[in-house]
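A.B. asks: Handing you a structure now.
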Amino acid sequence: MKKFIVRRLIHMIITFFTILTMLFLLFRLGLPDPMIIYIREGLGPEERAILMRRFGLDKPLHEQYFLYVVNFLTGEMGISFYYKSSVFPIVIEKFLNTLILMLPALVTAYTLGGPIGAFLAWRRGRKFEKVTTILAVINYSAPLFWISLIAIFIFAIWLRWVPAGGMRTMPYEAANFFEKVMNLDFVHHFILPFSVLSLSYLAIPMLLMRNTMLEVLGSDFIELARAKGLNERVILYRHAARNAMLPLITQFAISTGLIVGGAVAVEVVFSWPGLGREISTALKYLDYPLIQGTFMFMALMIMILNFIVDVLYSYLDPRISYE
Amino acid sequence: MLLEVQDLSVEYIVREGVVKAVDGASFEIDRGEILGIVGESGCGKSTVAKTIVRVLPENGRVIKGRVLFNGVDLMKLSELELNKIRWRKISMIPQNAMNALDPVYRVGDQVLEAILSHEKMSVIDARKRVVELFELVGLERKRLESFPHQLSGGQRQRVVIAMALALNPELIIADEPTTGLDVVTQDSILHQIEILRNEFSMSVILITHDVALVAEACDKVAVMYGGKIVEYGPTHRIFKEPYHPYTLGLKNAFPDIREKRLKLMFIPGSPPNLLNPPLGCPFAERCPFVIELCKLEEPPLREIGDMKVKCHRWYMADEFRVKAKEELTWGIRKLYTEATMVREKSSRKPVLEVKNVKKFFPIKRGLLGALLWKPYKYIRAVDGVSLELMDGEILGLAGESGAGKTTLGELCLLLQPLSEGAIFFNGKDIFEMMRHDMKGFREKSHMVFQNPYEALNPRFKVFDIVSEPLKIFKVREEETINRVKEALRWVGLTPPENYLSRYPHQLSGGERQRVAVARSLILKPRLLIADEPVSMLDVSVRAGILELLMKARAEFGTAIIYISHDISTIKDICDRVAIMYLGRIVEVGPTDKVVRSPKHPYTRVLISAIPVPDPEFKRRRVIGVGEIPDPIDLPCGCRFHPRCPSASRLCGWDSRDLLNFIMRKCGDELLKKVKRIRAGGYSLKIVAKENAKSLLREFLDIISGTIFEDVLANVSIVDNIIQFTLFDVKEPELKEVEEGWYVACHYA
């Protein structure tokens, strides 16, 4: 197991550098003259040379690359054109904003969806199972932004229980992220997008668990477990649910990897200042350092989450070996 | 009586209606008895087994009947009460034991679970019991920690058997415990079951389609057909004087390795659809002795001496027994067996020449391995095979699973690229042919696959399946239809019009395989590779498919390689047989001779493992040691020597054998005294922690008097390193022992 983790970590480092290099090449070779983007008005050749020197662009490519890697590793990602400030703190902040919304929603959806799905499989053919399954399919097919709009209409505009958008009531003061989210005002803003997201994410784990569970319940080792004289609860949880969980974990990994992308619609509708919304703005203003920073950050996050899931998976399913 | 099943009826509710899976079955078992339930698939055997411990699927229900176990009706108990009897008193070896283990738990823990859920025992005591059980069924102790996917089919089967024995139950229900395993493994498991009965006086219900297995192992037999027990009585009586025509047919269909069969017998047709069971006798439709009464009225179960028979015409049995031996009685057409027998050998030319062919599969080494340029490891699936297949010859290819038979078959058609060697078809290199004239080669060579359920595209109609080769070779449309019809008629699917627009799922297993044969023979190929074409099929329809192969040879002169682990079917149809072991051919020769007096010890093990359908015949077992070794790290010298019952010093004992031997004798003690061990080829290095000399003396004591004393070339000791060098022995090559009979053994 230890060997596997070490091996997997080494893989991760290799992947990280590959992505880093690709990003470098994309931005250096894909855009012949970075200056054109930095300052749009015409520049004299002398000023240009000064600027080039200042940014280290007069150095040979491999030195530039080395500098770029060192900077990246120390958290130096350049200066945003739009915000006119360092990219790294911006990305971190927006990312945490996204995470604080998405992760609780996902975790809630999967921790509720799994057991409900298992229960549905167990009660197969009963009225409760049929109705719930249909509701889940409807929920799954409805577009997220549409549900969000309806929810805002009902709870924010009509009932006026919660604010219609944002993370906090403006203006506010917070020394750090922790302070920002640890208060009632935040919860007030948080509760509606969180509920909409969890509900909308609930369908996938629920239906998935129900289906795999049905498959597992029909397999030979469940029949043997019955013949062994184990009681129904032990069969259901120790044997059936344990096996049915595996695809659920995979699905969870895929979903977490797509957190940022998936959040764009919700973040826009709820004016949530997250990373997804930030990417769309950065693209609009051609804010290359910011785009580069967010890309790298997303890649890193997906890698870390995949690593965690891989380790979890190899623990849960002995058939997986990464030799 | 330990168990009495009285008038048991079970139904399954499906979308189309009600399936009467079991209808009025009655039988009984006493302590220490083995009862065989035998019949084709779909006759309700497994349902009976599942009903006894009430693990029927959700849509199954018991309509009537009682299952008395020690006088208590199991059908009336609550789940809670039943759970006390399940496994503790009645345990089960389920059908498809391959999948009966939970893939996410260690096998030792699964056996442990069975013990702990019934006995109030400390975990430590229970663990001890598991270790005992593993020893009892012949599994190494280290297997306790394995996960199911790390074990072979035979090993998994043993785990399930260990589990079934865990609580010393009074009754074990074994539902097809050996189906899907090769004969050698089957035989050792059968042996195990017999030991259990004799030593622990357990009772066993053995459910199988294998008539020979029943004949060897069982005291009593119940023959099931169409959900009913049609004949029931002591084994020796049933095999000597069967009354029911179905029993006669089933016995016929089962080959006896001792006899030279001149006919392939089978029961045409298929079992009745139990959704809509026939009014009268269930067998009436296929019975050659049917009269009007049989179709109208179900025969009563009649007692004749100690037998029970469900047949209206039981009094005619004497006559039936004679008539049943004729093919004509069963409506089987003239067979092609005679054509197989003698053909002038000199007039033949080789169709296929396989020259020193090898096929290695690399094992994945991963991203890191690739970056560090780690050398590939290989599975040596086929490791130097040379063969000739004559024009119009049927060659059998036999061996355990994992011997490389299928790979060799696929190489012959270049369905996989070769690693080394060459193959010639009609004198031309097929590799060259494939480059210049791929269609030309594909037109003349075809394959029939093992699993008819997967070999046919489920979205294609029978017509599309059979006509596809014609389309590839651009045959005109009118002609195509006629040729497809002809081909279907040829394989016995008549009238062909009824089959043309059917989909594979609407056909039975036997019919599907016939469609597959029609597809591969429609172009009248010169060469056909048949890879276990009957192993997935019921006994009663097997002979029908084999007959088609012989017909193809007789009518089109097709040369056939028939791959099978079942030597009894090979014996029926093949002129020559080649025995494969771990990627090599160890013996090849005329089938009759090889089967009658095998020369290679492996062939002897293989042939002695085949059960004989005669309860009075006591077969002598030749038990091969252990399981087939890893094809990555092959043994030195003769690759069979670690398992060979008659291996001697010339056979290539290597460092691993020596190490295993020492380890077995010393146990864990050795590891405390040793720093490092390195075994490779013929040299074994052991680095001692201290006092290498006394350790060496200890080793030499262990070795003295054993075979290793003879094979030790040199022993040296430098500092604390002990080095053993063993004699280097060449692997035996095939040698001609008689004309056309080659054996790869130093002692042949």
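The values are calculated or read from the model by the stated rules, or taken from the named source; none is laboratory data. This structure is a prediction, so every number in the text was calculated from the model and none was measured. Please note: Cβ atoms are built from the backbone with ideal geometry, for glycine as well, and neighbour counts cover all protein chains shown. In case anyone asks, the SASA skips ligands and DNA or RNA and just uses the protein heavy atoms, side chains included. Shrake-Rupley method; radii C 1.70, N 1.55, O 1.52, S 1.80 Å.
A.B. asks: Name the residues in segment B:400-442 that are in contact with a helix residue (DSSP H, G or I) (Cβ under 8 Å, 6 or more places away or on another chain) and of a type in the set (Phe, Trp, Tyr), would you?
C.D. replies: Once the filter is applied, which keeps residues that are in contact with a helix residue (DSSP H, G or I) (Cβ under 8 Å, 6 or more places away or on another chain) and of a type in the set (Phe, Trp, Tyr), segment B:400-442 yields B:424, B:425, B:441.
A.B. asks: Kindly establish whether residue B:664 is open to solvent by 70 Å² or more (accessible area, probe 1.4 Å), among the basic types (Lys, Arg) and under 26 Å from residue B:647 (Cα atoms).
C.D. replies: In short, yes.
A.B. asks: Take the residues of segment B:388-446 that are of a type in the set (A, V, I, L, M), part of a helix (DSSP H, G or I) and without any contact (Cβ under 8 Å) to a residue 40 or more places away in the chain: which is surrounded by the most Cβ atoms within 10 Å (Cβ to Cβ)?
C.D. replies: The extreme case among them is B:430.
A.B. asks: Now for a different question. Residue under question is residue B:692, and the condition is that it be crowded, with 17+ Cβ neighbours inside 10 Å and touching a Leu at 6+ places or on another chain (Cβ under 9 Å); does it hold?
C.D. replies: No, not satisfied.
A.B. asks: Tell me whether segment A:198-212 contains one or more residues that are within 14 Å of chain B (Cβ to nearest Cβ) and surrounded by 18 or more Cβ atoms within 10 Å (Cβ to Cβ).
C.D. replies: The answer is yes; a qualifying residue exists.
A.B. asks: While we're looking at this one, here's another question. List every residue pair whose Cβ atoms sit under 9 Å apart, with the two residues 6 or more apart in sequence or on different chains, where the first one lies in segment B:318-331 and is of a type in the set (A, V, I, L, M) and the second, anywhere, is open to solvent by less than 60 Å² (accessible area, probe 1.4 Å) and part of a helix (DSSP H, G or I).
C.D. replies: B:324/B:245; B:324/B:248; B:324/B:249; B:324/B:252; B:324/B:330
A.B. asks: Could you look through segment B:450-475, keep only residues that are under 26 Å from the mean Cα position of the chain (by Cα) and surrounded by 18 or more Cβ atoms within 10 Å (Cβ to Cβ), and pick out the one that is nearest to residue B:562 (Cα to Cα)?
C.D. replies: This residue is B:450.
A.B. asks: Looking only at segment B:457-478, count every residue that is within 19 Å of residue B:444 (Cα to Cα) and not in a loop (DSSP other than H, G, I, E, B) and tell me the total.
C.D. replies: 8
A.B. asks: Same structure again: Run residue A:222 past the list (1) within 14 Å of chain B (Cβ to nearest Cβ); (2) open to solvent by 30 Å² or more (accessible area, probe 1.4 Å); (3) farther than 30 Å from residue A:138 by Cα and report the number of the one that doesn't hold.
C.D. replies: (2)
Residues are listed down the side, and each one gets a yes or a no for (1) crowded, with 18+ Cβ neighbours inside 10 Å; (2) over 30 Å from residue B:389 (Cβ atoms):
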site: B:634; (1), (2): no, no
site: B:638; (1), (2): yes, no
site: B:649; (1), (2): no, yes
site: B:655; (1), (2): yes, yes
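A.B. asks: Report yes if residue A:268 is touching a Ser or Thr at 6+ places or on another chain (Cβ under 7 Å) and open to solvent by 10 Å² or more (accessible area, probe 1.4 Å), otherwise no.
C.D. replies: Judged against the criteria, residue A:268 is not a match.
A.B. asks: Another question, if that's okay. It is to be established whether one or more residues within segment A:235-256 are assigned to a loop (DSSP other than H, G, I, E, B) and either open to solvent by 60 Å² or more (accessible area, probe 1.4 Å) or not assigned by TED's automatic domain parsing to the domain that holds residue A:13 (or both).
C.D. replies: No: zero hits.
A.B. asks: Right, something else. Name every residue in segment A:231-242 that is facing chain B (nearest Cβ under 7 Å) and at pLDDT below 90, in order of residue number.
C.D. replies: Of everything in segment A:231-242, those that are facing chain B (nearest Cβ under 7 Å) and at pLDDT below 90 turn out to be A:231, A:242.
A.B. asks: If I filter segment A:151-161 for residues that are over 29 Å from residue A:208 (Cβ atoms) and of a type in the set (Lys, Arg), do I get at least one hit?
C.D. replies: yes
A.B. asks: Also, I was wondering about something else. Residues in segment B:568-605 that are in a helix (DSSP H, G or I) and in contact (Cβ under 8 Å) with a residue 12 or more places away in the chain: how many?
C.D. replies: The number of residues fulfilling the criteria is 16.
A.B. asks: Here is a follow-up. Restricting to segment B:676-686, count the residues that are open to solvent by 20 Å² or more (accessible area, probe 1.4 Å) and either among the hydroxyl-bearing types (Ser, Thr, Tyr) or in contact (Cβ under 8 Å) with a residue 12 or more places away in the chain (or both).
C.D. replies: 7
A.B. asks: Need a quick list: strands (runs of 3 or more DSSP E) entirely within segment B:31-124 having at least 3 residues that are open to solvent by less than 10 Å² (accessible area, probe 1.4 Å) and either more than 11 Å from every other protein chain (Cβ to nearest Cβ) or at pLDDT 95 or above (or both).
C.D. replies: B:34-38
A.B. asks: Could you name every one of the strands (runs of 3 or more DSSP E) located completely within segment B:610-719 that has at least 2 residues being among the polar types (S, T, N, Q) and modelled with pLDDT of 85 or more?
C.D. replies: In segment B:610-719, the matching strands (runs of 3 or more DSSP E) lie at B:712-718.
A.B. asks: While we're looking at this one, here's another question. Could you say whether any residue in segment B:506-524 is part of a loop (DSSP other than H, G, I, E, B), out of contact with any Leu (no Cβ under 9 Å at 6 or more places or on another chain), farther than 30 Å from residue B:613 by Cβ and modelled with pLDDT of 90 or more?
C.D. replies: Yes: one or more hits.
A.B. asks: Being within 14 Å of chain B (Cβ to nearest Cβ), outside any loop (DSSP other than H, G, I, E, B) and of a type in the set (S, T, N, Q) is the filter here, so list the residues in segment A:282-323 that pass it.
C.D. replies: A:314
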